Amino acid sequence: MENRQKLVINGGKRIEGEISVHGAKNSALPILSAAALAHGESVLHNVPTLTDVDAACRILTTLGCKCRKSGNTVTVEASNVTGSEIPDTLMREMRSSIVFLGALLGRTGHCRLSFPGGCELGARPIDLHISALRKMGAEINEEHGYLDCVAPDGLHGAKISLSFPSVGATENILLAAVTAKGCTEIHNAAREPEIVDLSEFLTKCGAKISGAGESVITVEGVRRLEPCEHSVSPDRIVAGTYLCAAAITHGEIILTHCDPSAMNGYLPVLEAMGAKIYTYGGGKLYMSCKRLKAPPTIRTMPYPGFPTDIQAPFTALCSLAEGTTVFVETIFENRFRHVPELIRLGASIRTEGRVCVVQGVRSLSGAKVRASELRGGAALIVAALAAEGTSEITGLEFIDRGYEAPEKAFRSLGGDIRRV
Ligand code: EPZ
């Protein structure tokens with residue numbers, strides 16, 4: 001639903017200080033789905049306060065779970081999962097609801113959901129999800145925009161090779177495999193830290209998984225999963241967004257409760273640009289950045305490569321670097337939607353399909369801009385914090401999906417930003 005609020009930012013202030021990195025949206029969502037597999041009440045800590053998390057809790061409630069959130073702790077009581085249909089409205093609100101498919105098939109043997117529409121990033125097909133679940137014994141009919149999935153004899157293990165290390169497909173296969181009959185092998189599995197986090201939750205519930213975080217994951221099906229208590233890992237993309245905001249304003253920042261080992265896809269790029277980065281134990285990282293040299297090329301890749309989700313904030317950062325950067329977006333077909341808005345702020349960027357060329361300029365200047373997807377919206381905040389003068393950012397319904405109270409976060413770091 002449209003959000004009529006806007007962020008008003010007076011740029012040019014150095015972003016500096018200390019901030020705690022909140023839990024990862026892309027860990028919390030599959031783990032909330034996994035909670036529906038456990039017969040009882042699971043307790044999840046460090047769950048970020050985001051509209052996507054609210055949507056996932058609403059889905060769990062429609063499925064017959066009791067979902068309670070207080071602060072950053074969510075309890076999911078899933079003794080009786082009565083439903084197996086995800087309402088069309090919730091599927092449209094959050095296409096990543098597709099991650100409930102594997103869990104519902106595993107728990108109830110049935111799942112009906114409307115085909116997750118494309119989104120701002122492109123078609124977002126789910127062919128890899130469907131072909132894998134069919135190999136595990138699911139019968140999946142696609143008609144009238146609906147997916148009707150049943151596993152009449154329950155799911156069984158299979159050897160699955162993914163043509164692309166899809167994060168969502170790997171998650172759905174894991175969720176289906178943990179209580180399937182027999183052994184499942186996933187080859188060319190996604191290696192993202194969120195997969196490891198999901199696997200740790202499932203293992204605490206009694207699942208038998210090995211190789212999470214590697215390209216081959218093996219799952220030995222068990223009869224039943226019991227609830228557990230788990231703390232969601234830190235959001236490596238939110239952490240990177242905070243670093244981009246500090247770097248673009250030549251500030252210095254300390255991140256706490258982050259996981260530097262999950263940030264190695266982009267920390268070396270910041271260092272190559274001139275940032276000084278020190279990591280301490282216990283999830284603490286320091287960065288200062290006095291000047292910005294443009295990296296020649298940034299190519300998004302599956303983990304452990306440069307994450308596609310941090311590409312947009314980096315195009316904002318490189319707008320003020322010395323030199324020119326060629327971005328190659330290899331993961332999604334349409335992930336430069338934020339570029340015209342950055343150009344309104346004075347950036348010099350040209351895009352051609354999956355390639356975008358950013359020529360550093362001396363300064364950006366405030367403007368009225370609009371977010372049209374989550375990470376593009378974050379890029380606009382990064383740019384506006386450095387732009388001279390006042391900027392207004394609308395389309396906050398996109399930003400609120402993945403960033404907890406961004407105006408509070410950046411105000412606590414010295415930014416002149418408020419939500420009106
Ligand atoms: C997850 O999306 C994340 N979302 C995305 O973050 C992230 O950008 C993406 O992984 C890549 O890291 C969540 O975790 C909720 P994929 P997902 O399946 O699972 C193609 C954000 O901003 N593909 O790895 O959808 C697909 O079209 C969001 O937080 C198929 O062709 O990513 C895309 O080009 C945006 N067939 C590529 O693979 C399939 O069956 C990557 O998709 C599945 C995917």
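The values are calculated or read from the model by the stated rules, or taken from the named source; none is laboratory data. As the structure is a prediction and not an experimental result, all values here were calculated from the model. Counting neighbours? That spans all protein chains shown, and the Cβs are built from the backbone with ideal geometry, glycine included. Calculation scope for accessible area: heavy atoms of the full protein, side chains included, ligands and nucleic acids excluded. Shrake-Rupley method; radii C 1.70, N 1.55, O 1.52, S 1.80 Å.
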Of the listed links Lys25/Lys69; Lys69/Lys204; Lys25/Lys204; Lys66/Lys181; Lys25/Lys284, those spanning more than 24 angstrom between alpha carbons are Lys66/Lys181
Rounded to the nearest 0.05, FRET efficiency between Val357 and Asn264 (Cβ-Cβ, R0 25 Å) equals 0.45
The extension gain from Asp127 to Asp54, computed as 0.36 nm times the residue separation minus the Cα-Cα distance, is 23.6 nm
The chain accessible area per residue, 1.4 Å probe, protein heavy atoms, integer Å², reads 38
Expected max-MSF residue from Lys290, Lys25, Lys69 in the GNM of the chain (alpha carbon, under 10 Å) is Lys290
Per-residue ellipticity at 222 nm attributable to helices in the chain (runs of n ≥ 4 DSSP H, -39500 (n - 2.57) apiece, nearest 500 deg cm²/dmol) works out to -8500 deg cm²/dmol
For the Arg411, Ser79 Cβ pair and Förster radius 41 Å, calculated FRET efficiency rounded to 0.05 is 0.45
So Arg299 and Tyr278, fully extended at 0.36 nm per residue minus their Cα-Cα distance, gain in nm 5.1 nm
Evaluated at 20 °C and 1.002 mPa s, the Stokes-Einstein D of region 25-231 based on the Kirkwood radius over Cα pairs, in µm²/s, stands at 130
Two pseudo-spin positions, 7 Å from Cα along C-beta at Thr324 and at Glu392, lie apart in nanometres by 3.6
For the chain, percent of DSSP beta bridges that are antiparallel (nearest 5) comes out at 70
Between Glu18 and Ser70, Cβ-based FRET efficiency (R0 30 Å, step 0.05) works out to 0.75
Answer in debye to the nearest 20: the dipole magnitude of region 66-190 about its Cα centre, from +1 Lys/Arg and -1 Asp/Glu charges placed on Cβ, is 380
Here the Kirkwood hydrodynamic radius of region 325-385, Cα-based and in Å, equals 11.9
For region 25-231, the charge dipole (Cβ of Lys, Arg +1; Cβ of Asp, Glu -1; about the Cα centre) points to a positive end, and the Cα of Ser114, Thr179, Ser84 closest to that extreme belongs to Thr179
In whole angstrom, largest first, the equivalent ellipsoid semi-axes that the Cα gyration tensor gives for the chain are 37, 21, 20
Unit-weight point scatterers at every alpha-carbon of region 134-277, Debye formula, q = 0.08, 0.13, 0.15, 0.16 1/Å: log10 I(q)/I(0) is -0.32, -0.70, -0.84, -0.90
Under the 7 Å Cα-to-Cβ spin-label approximation, Arg418 and Thr62 lie apart by a distance in nanometres of 3.8
Rounded to the nearest 10 Å², the 1.4 Å probe accessible area of Cys57 is 20
Rounded to the nearest 10, the angle in degrees between the Cα long axis of helix 25-35 and the longest principal axis of the Cα atoms of the chain comes to 10
Hits in region 133-174: amide N under 19 Å from the 7 Å Cα→Cβ extension of Arg224, namely 154-155
Carbon and sulfur atoms account, in whole percent of the 1.4 Å probe accessible area of the chain, for 50
